[in-house]
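The values are calculated or read from the model by the stated rules, or taken from the named source; none is laboratory data. Please read all numbers here as calculations on a predicted model, not as lab measurements. Because the Cβ atoms are built from the backbone with ideal geometry, glycine has one as well, and the counts that use them run over all protein chains shown. In case anyone asks, the SASA skips ligands and DNA or RNA and just uses the protein heavy atoms, side chains included. Shrake-Rupley method; radii C 1.70, N 1.55, O 1.52, S 1.80 Å.
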Amino acid sequence: MSRWSRLSPIPPPGRLRTLSLATLANTVGSGLWLTGGALYLTRDVGLSPASVGAGLTLAGLVGLTASVPLGALADRRDPRTIRALLQLGQAIAAAAYLLVGSFPVFLAVAVLEMLLASGNLAVRAALVAAVAGPQGRVHAFATLRAVANLGIAVGAGLAGFALAADSHLAYQMLVAGNALTYLLSAALLLRLPAYPPAAGGGRGPGGRRRDGALRPGAALRDVRFLAVSGASAVLALHWTLLALVVPLWTVTRAGAPPPVVSAVLLTNTVLTVLLAVRLSRGADDATRAARSMRRAGLVLAAAMLLYAATAGLPPAASVTLLLAATVVYTFGDLWHGTAGAGLAYDLAPPDAIGAYQGVDGMLAGLSRALGPALLTLLVLDRGVPGWLAVGAVFAGVGLATPALTGWALASRQPARPVSGDRPAAHV
């Protein structure tokens, strides 16, 4: 095996590789848009930063409403076909940004994009479960996360050329490039076989009709699943910390020069690409995933302490500690990601993976929507006490997760064979 094969997150030939290549194409476009989208909307279209922020927040909240219904649709139809269609829709929405010239048009396009994106995440989770089977879905999730980080990094690098040119044509090429990656991703998805839905059966906490099928909205009424998924969503606040709070803290409170922000984010990206799959082991069932979530909460709490300790240090010491904190943070981040996937998969009835993943994604989306205002107020305004408070919350949630998971498992009936269930594909 070559050194590149050992380091590359792209898996060996097979269905998981096809899914990984589709993810890579998709996330190169995500990197383009995440890096250059805000500048396109403000510098080229002429919208104010405040209107862009408000529009994206509102669109993100509206978009969450698509997560559960589209996830449930993936349980009743072929998730590969649904996801390919959603990717085509996202290509149209991404290209529609070329038509934006006012705030109302921007808001309409952003809402459409967020509805498709939110639903696509739930459908993707159902497709991953279908491709990898019960024993391989957490490994597949970790693989796709590593691939996604690689794609975003490549897209961000390519966006740098458009930002350097800072011209109307360059920004239009950036938008068009993002749209084209969705088309490429859809074409790659269609190389996978179809995955017809399973026929009835499964296990669950109730909420089934007489024919054994789950009633609509059963996932939203599963209080025990909501408790476990809610705990994961609280820990998901750490995503906002790295993307927003840590960069601002770095240049305002830690006294580090602005380029250190890039070094911090690059450290997280590289470690995620290299370690995501390795750290996914041991989260295949709910009990072990809960222990991994406990570990994630404690490690993330330790990272909060390290970030807090950078306040007022000399620049050299501050930079060293910031990078060390990011290394610790990344381990917690990766353990949280795979543990959350393991819990959401294993606590869901086999015939309702998409609906339950939709609920899990909706709660995580709420965390991302509320995180910026909450964490900037708590950490950037309060300083070190804010970091300590966040760390205490992370540690408490991590320690509580095994008990919440045991409570959720106690309501589950033993799994029954499902007639016509999908066989686990070779990945």
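The table for this structure:
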read-out	value
Residue tally, condition under 21 Å from the mean Cα position of the chain (by Cα) and closer than 20 Å to D360 by Cβ, over the stretch 53-84	19
Any chance L370 is surrounded by 17 or more Cβ atoms within 10 Å (Cβ to Cβ), among the hydrophobic types (A, V, I, L, M, F, W, C), closer than 29 Å to L266 by Cβ and at pLDDT below 95	no
Evaluation of A290 against (1) closer than 30 Å to Q135 by Cα; (2) at pLDDT below 95; (3) touching a Pro at 6+ places or on another chain (Cβ under 6 Å) (one fails), failing number	(2)
Cβ-Cβ under 8 Å pairs, at least 6 apart or on other chains, the stretch 90-109 side in a helix (DSSP H, G or I), far side among the β-branched types (V, I, T) and open to solvent by 40 Å² or more (accessible area, probe 1.4 Å)	L99/V105
Residue match in the stretch 39-52 (condition: crowded, with 17+ Cβ neighbours inside 10 Å and under 20 Å from the mean Cα position of the chain (by Cα))	no
Total residues in the stretch 267-284, condition surrounded by 17 or more Cβ atoms within 10 Å (Cβ to Cβ) and among the charged types (D, E, K, R)	1
Test for R224: is it farther than 23 Å from Y356 by Cα, open to solvent by 30 Å² or more (accessible area, probe 1.4 Å) and at pLDDT 95 or above	no
Number of positions in the stretch 150-200 that are open to solvent by 40 Å² or more (accessible area, probe 1.4 Å) and more than 20 Å from L39 (Cα to Cα)	11
Candidates A263, A256, A243, filtered to the one that is part of a helix (DSSP H, G or I) and in contact (Cβ under 8 Å) with a residue 24 or more places away in the chain	A263
Residue selected from the stretch 322-356 under the condition over 20 Å from R281 (Cβ atoms) and of a type in the set (V, I, T), by the criterion least open to solvent (accessible area, probe 1.4 Å)	T326
Pair list, Cβ under 7 Å, 6 or more apart: the stretch 374-385 residue touching a residue at least 12 places away in the same chain (Cβ under 8 Å) and more than 20 Å from W239 (Cβ to Cβ), other residue open to solvent by less than 40 Å² (accessible area, probe 1.4 Å) and in a helix (DSSP H, G or I)	V384/A308
The stretch 118-175, residues that are of a type in the set (S, T, Y), assigned to a helix (DSSP H, G or I) and either within 19 Å of I10 (Cα to Cα) or more than 14 Å from the chain's Cα centre (by Cα) (or both)	T143, Y171
Number of positions in the stretch 38-64 that are assigned to a helix (DSSP H, G or I) and touching a residue at least 60 places away in the same chain (Cβ under 8 Å)	10
Conditions (1) open to solvent by 10 Å² or more (accessible area, probe 1.4 Å); (2) out of contact with any Leu (no Cβ under 8 Å at 6 or more places or on another chain): number failed by S292	(1)
